[in-house]
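Working notes for the structure below.
The values are calculated or read from the model by the stated rules, or taken from the named source; none is laboratory data. This structure is a prediction, so every number in the text was calculated from the model and none was measured. Using ideal geometry, Cβ is built from the backbone for each residue, glycine included, and neighbour counts are taken over all protein chains shown. These accessible areas exclude ligands, DNA and RNA; they are computed on the full protein's heavy atoms, side chains included. Shrake-Rupley method; radii C 1.70, N 1.55, O 1.52, S 1.80 Å.
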Amino acid sequence: MSALQFDLDAVLDTLADKGWVVIPHALPAELVQQLRDTCLQVWDAGRFHEAATGRAGGQARRAEIRSDSVLWLDQVAAEPAVLAYNAAMDDIMHAVNRGLYLGLAELESHFAVYPAGAFYKKHLDRFRDDDARTLTTVFYLNEGWPQDAGGEIRLYLDLDCQSHIDVTPEAGTLVLFLSDRFWHEVLPARQQRLSVTGWYRRRSERLL
Ligand code: OGA
Ligand code: MN
């Protein structure tokens with residue numbers, strides 16, 4: 001039984017039409033709570049590291065660009081909440097492949113913690129030298145996020161960044177967008193902000 005609490009066909013239609021979609025209450029509240037607990041346990045255990053920018057090899061810590069900390073889900077893959085999350089995200093991947101022919105092969109995800117004051121400046125998720133990242137997924141774990149706490153994702157709707165939407169990082173909200181088409185940033189959060197961010201990848205055909 002799929003944990004998805006929304007109409008996949010409607011989401012696929014929106015993705016095909018706009019290239020992005022925001023889905024509130026995407027997964028059951030108990031699962032969101034479990035994921036949040038797992039995230040905080042591994043955070044308290046000191047297992048996160050400060051996020052870097054760029055692809056493996058060319059990675060560098062760039063605190064002026066982003067100031068969150070991350071832990072890849074493959075480090076905690078046996079946690080029940082992570083298994084359930086990955087199963088739900090698999091259902092989305094298969095539906096997207098059937099409906100949109102994106103040829104997605106796998107999802108790589110990490111927990112992200114933005115301490116109070118943290119941000120991620122405007123960026124695109126696809127690396128210059130690796131076009132495998134195809135569809136970005138961001139899932140929020142913040143129950144009752146206050147309206148004045150900042151921390152929204154600002155998603156620019158055109159490549160010239162003339163228009164945008166701001167999405168509150170409220171628990172249960174899932175945002176999907178094409179990784180190479182949408183500039184976005186995380187506005188400074190005034191309190192700790194938790195999320196799971198991921199990228200569906202297709203097999204990379206790297207230019208030599
Ligand atoms: C990222 C990112 C958005 C968010 O990690 O690349 O853009 O809302 N995250 O956390
Ligand atoms: Mn991003």
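Tabulated results
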| quantity | calculated |
| --- | --- |
| Hits in segment 117-143 - residues which are open to solvent by 10 Å² or more (accessible area, probe 1.4 Å), more than 10 Å from ligand 1 (Cβ to nearest atom), part of a loop (DSSP other than H, G, I, E, B) and closer than 29 Å to ASP90 by Cβ | ARG126, ARG128, ASP129, ASP131, GLU143 |
| Selection status of ALA56, farther than 25 Å from ARG181 by Cβ and either open to solvent by 40 Å² or more (accessible area, probe 1.4 Å) or at pLDDT below 95 (or both) | no |
| Top-ranked residue in segment 98-144 [being of a type in the set (Lys, Arg) and closer than 21 Å to ASP74 by Cα; ranked as modelled with the highest pLDDT] | ARG133 |
| Residue list for segment 132-152, filter: under 16 Å from LEU178 (Cβ atoms) and in contact with an Asp or Glu (Cβ under 7 Å, 6 or more places away or on another chain) | ARG133, THR136 |
| Test: residue in segment 70-82 that is within 11 Å of ligand 1 (Cβ to nearest atom) and either modelled with pLDDT of 95 or more or open to solvent by less than 60 Å² (accessible area, probe 1.4 Å) (or both) | yes |
| Residue match in segment 95-117 (condition: among the hydroxyl-bearing types (Ser, Thr, Tyr) and within 15 Å of ligand 2 (Cβ to nearest atom)) | yes |
| Within segment 152-162, considering residues that are open to solvent by less than 50 Å² (accessible area, probe 1.4 Å) and more than 14 Å from the chain's Cα centre (by Cα), the one farthest from ligand 1 (Cβ to nearest atom) | ASP158 |
| Matching residues, segment 135-160, being away from ligand 2 (no atom under 16 Å from the Cβ) and among the charged types (D, E, K, R) | GLU143, ASP148, ASP158, ASP160 |
| Residue satisfying condition, being in contact (Cβ under 8 Å) with a residue 60 or more places away in the chain, in contact with a Ser or Thr (Cβ under 9 Å, 6 or more places away or on another chain) and not hydrophobic (A, V, I, L, M, F, W, C), within set ARG133, ARG62, ARG126 | ARG133 |
| Options ASP166, ASP148, ASP180: the member that is free of Cβ contacts under 8 Å to residues at least 24 places away in the same chain and surrounded by fewer than 21 Cβ atoms within 10 Å (Cβ to Cβ) | ASP166 |
| Within segment 164-180, tally of residues that are assigned to a loop (DSSP other than H, G, I, E, B) and within 12 Å of ligand 2 (Cβ to nearest atom) | 2 |
| Residue check, ALA51 in contact with an Asp or Glu (Cβ under 6 Å, 6 or more places away or on another chain) and at pLDDT below 95 | yes |
